[in-house]
Amino acid sequence: MIITKKKSPEEIAESLKGFKNIYLFGCNACAEQCRTGGIQELKEMAGFLKERGFNVCGSALVDETCYRQLVLKALKQDDATQRADAFLVLSCGAGVRTVSNCVPEEVPVMPALDTLFLASVERVGRFFEGCSLCGDCVLHRTAAVCPHTECPKGLLNGPCGGMHDGMCEVNPEEECAWAQIYRRLKIQGRIKIMKEYAPPKDNSLKAKPARLLLR
């Protein structure tokens, strides 16, 4: 799940300055779970924009705003999209990019949210970052705990000297990622993996922009 937070109302209003008719796109997946882009947030945004003198000509809540075909379907089903001077998207950056690829290039597409991180869901409303999308996964040798992500220093070969009683030096209220890895590997009978050297991350695997074409 992609975690997002709301931009300040002032920043949103400033980005839409000079435009009158605004069409809203929400996301019924990640942003809805984060309470940043679901049906309630669309209503709140519409109310805010109307108070600021904008005309909200329509809105769409797409199941996944990062899915091009769903965005195209929403655009086709609502004639109000043709009257929009600008689109405001309540989703992650991928959703903003997808909408921008589906509307005429002369029509601006603005983000209403800031994209934070890829998260694992602990329960409704509670998320934690468990993956950095590094392109070089080491979870097979770290008992499914990512040191690249969960260690603030990104250490790949054991804890730093500041770890104390199993707690992180940088975030003392959090258990050290390597303490978790050690405990799990020991329980699993795979502790010898700790003696294996992990080479530095190959940052070339994160060349931008990434693309994947499945044939």
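The residues of the stretch 27-57 that are part of a strand (DSSP E or B) and over 14 Å from Lys6 (Cβ atoms), listed by number, are Asn55, Val56, Cys57. Counting only residues that are closer than 16 Å to Val107 by Cα and either open to solvent by less than 80 Å² (accessible area, probe 1.4 Å) or among the acidic types (Asp, Glu) (or both), the stretch 5-17 holds 2 of them. All conditions but one from (1) within 17 Å of Thr36 (Cα to Cα); (2) open to solvent by 60 Å² or more (accessible area, probe 1.4 Å); (3) not acidic (Asp, Glu) apply to Gly161; the one that does not is (1). For the stretch 33-72, a residue qualifies if it is without any contact (Cβ under 8 Å) to a residue 24 or more places away in the chain, touching a strand residue (DSSP E or B) at 6+ places or on another chain (Cβ under 8 Å) and among the charged types (D, E, K, R), and exactly one does: Lys50. When Leu133, Leu155, Leu214, Leu139 are checked against the criterion of being aliphatic (A, V, I, L, M), surrounded by fewer than 17 Cβ atoms within 10 Å (Cβ to Cβ) and at pLDDT below 90, a single residue qualifies: Leu214. Selection of the stretch 79-96 for residues being open to solvent by 30 Å² or more (accessible area, probe 1.4 Å) and in contact (Cβ under 8 Å) with a residue 24 or more places away in the chain yields Arg83, Asp85, Ala94. Among the residues of the stretch 174-199, those identified as closer than 14 Å to Leu155 by Cβ and open to solvent by 60 Å² or more (accessible area, probe 1.4 Å) are Tyr182, Met194, Tyr197, Pro199. Pairs are defined by a Cβ separation below 7 Å, a sequence spacing of at least 6 or placement on different chains, a first member in the stretch 167-185 that is under 15 Å from Cys146 (Cβ atoms), and a second member that is β-branched (Val, Ile, Thr); the pairs so defined are Ala177/Val145; Gln180/Val145; Ile181/Thr142; Ile181/Val145; Arg184/Val145; Leu185/Ile191; Leu185/Ile193.
Just to be sure, is Lys73 modelled with pLDDT of 95 or more and open to solvent by 70 Å² or more (accessible area, probe 1.4 Å)? Judged against the criteria, Lys73 is a match. Under the condition of being under 19 Å from the mean Cα position of the chain (by Cα) and within 21 Å of Pro108 (Cβ to Cβ), the residues counted in the stretch 26-60 number 7. Take Leu24 and tell me if it is under 19 Å from Asn101 (Cα atoms), part of a strand (DSSP E or B) and touching a Gly at 6+ places or on another chain (Cβ under 6 Å). No. Got a number for residues in the stretch 29-65 being open to solvent by 80 Å² or more (accessible area, probe 1.4 Å) and not acidic (Asp, Glu)? Of the residues in the stretch 29-65, 6 are open to solvent by 80 Å² or more (accessible area, probe 1.4 Å) and not acidic (Asp, Glu). Restricting to the stretch 200-211, what's the tally of residues that are out of contact with any helix residue (DSSP H, G or I) (no Cβ under 9 Å at 6 or more places or on another chain) and either aromatic (Phe, Trp, Tyr) or surrounded by 10 or more Cβ atoms within 10 Å (Cβ to Cβ) (or both)? Qualifying residue count for the region: 4.
The values are calculated or read from the model by the stated rules, or taken from the named source; none is laboratory data. Fair warning: this is a prediction, and the values are worked out from it, not measured in the lab. Cβ atoms come from the backbone with ideal geometry, glycine included; neighbour counts cover every protein chain shown. Ligands, DNA and RNA are stripped out before the accessible areas are found, and what is left, the full protein with its side chains, is counted by its heavy atoms. Shrake-Rupley method; radii C 1.70, N 1.55, O 1.52, S 1.80 Å.
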